[in-house]
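Read the structure below first, then the notes.
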Amino acid sequence: MESCRCRGASGRSSNSILYSILKNDGAEEPRALQHLLQKTPSSCAPSALLDLHTQACSCGSTRRRGVLRSPQVTCKAASAVLVKTLRFVKNVPCFRELPEDDQLLLIRSGWAPLLVLGLAQDRVDFETTETVEPSMLQRILTGLPHRQSETQPGLSRTAPGVSVVDIEAIRAFLKKCWSVDISTKEYAYLKGAVLFNPDLQGLRCQHYIQSLRREAHEALNEHVRLVQREDTTRFAKLLIALSMLRAISPPVVAQLFFRPMIGTVNIEEVLMEMFYGK
């Protein structure tokens, strides 16, 4: 395996995470947002949407699905957060030092949790309308494909929206962040911990990325200890929020917040075009 070309932890100053991630949480870039909105198809019927496959349940509760009540408003807000999220990542010097292959892996792994963190920071709330996925009998009678025969595991071609369980998971995370009243600096440290994920397969600079995540956790803990001395459980609350974030999958985020706007366009292709300008 080719050795890591980026600098090790010993070559960084002690406040590299602090400097790198706090200075980048800026406003959206209108040009990039316009680029994303241009991906919107002229017509995007609900039948064209892909949705997340959920485990079958004998009571049928997992067939309950939800779609955005105001997709134009919510998708535009999510798109603005996405632009700011990519700008944040692009401006982190530690991230730019990594090989491009590692950058791609981290972006593909982290864009969705970073986006949801951004939604919490910008206090973007949303409402959904519930729908129901066709039952097995309805599939048989109407000629719809069986769930087991779908070409891509985890995706359905019939019902729009995502599982209400997944929607509630996102809402629970947002409410958790809002109840803790996370500060701007704390959000920045959390983003650093999410972005630098050393558990991904294929990373060339895994140990360096692991040191960056550890540094983000340590910086967050130190900040909480100094600024929130009276709240001895605050750091634990922030870690709980991070654990809730890991339960939210990128396909669900893409389906709920971007499919109504870009249709069946691959969200990762959009991300790469926006990030690298390709």
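The values are calculated or read from the model by the stated rules, or taken from the named source; none is laboratory data. Bear in mind that the values here come from a model prediction, so they are computed numbers and not experimental data. Methodologically, a virtual Cβ is constructed for each residue, glycine included, from the backbone with ideal geometry; neighbour enumeration extends over all protein chains shown. Heads up: the accessible areas ignore ligands, DNA and RNA and are worked out on the full protein's heavy atoms, side chains in. Shrake-Rupley method; radii C 1.70, N 1.55, O 1.52, S 1.80 Å.
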Here's a check for you: in the stretch 85-120, which residue that is open to solvent by 50 Å² or more (accessible area, probe 1.4 Å) and not in a loop (DSSP other than H, G, I, E, B) is nearest to Ala247 (Cα to Cα)?
Arg108
Filter result (open to solvent by less than 30 Å² (accessible area, probe 1.4 Å) and among the aliphatic types (A, V, I, L, M)) within the stretch 175-205
Val180, Ile182, Ala188, Leu190, Ala193, Val194, Leu195, Leu203
Consider Ile209 carefully, then state whether it is touching a residue at least 12 places away in the same chain (Cβ under 8 Å), open to solvent by less than 10 Å² (accessible area, probe 1.4 Å), outside any loop (DSSP other than H, G, I, E, B) and β-branched (Val, Ile, Thr).
yes
Could you list, ordered by first residue, the pairs with Cβ atoms under 6 Å in which the first is in the stretch 167-196 and under 24 Å from Gly66 (Cα atoms) and part of a helix (DSSP H, G or I) and the second is open to solvent by less than 40 Å² (accessible area, probe 1.4 Å) and among the aromatic types (Phe, Trp, Tyr), at least 6 apart or interchain?
none
With the structure loaded, tell me whether Thr232 is open to solvent by 20 Å² or more (accessible area, probe 1.4 Å), among the β-branched types (Val, Ile, Thr) and more than 25 Å from Val81 (Cα to Cα) or whether it fails that test.
yes
Output the number of residues of the stretch 243-254 satisfying the condition of being open to solvent by 10 Å² or more (accessible area, probe 1.4 Å) and assigned to a helix (DSSP H, G or I).
5
Report the residue count in the stretch 70-124 for those that are among the acidic types (Asp, Glu) and under 15 Å from the mean Cα position of the chain (by Cα).
1
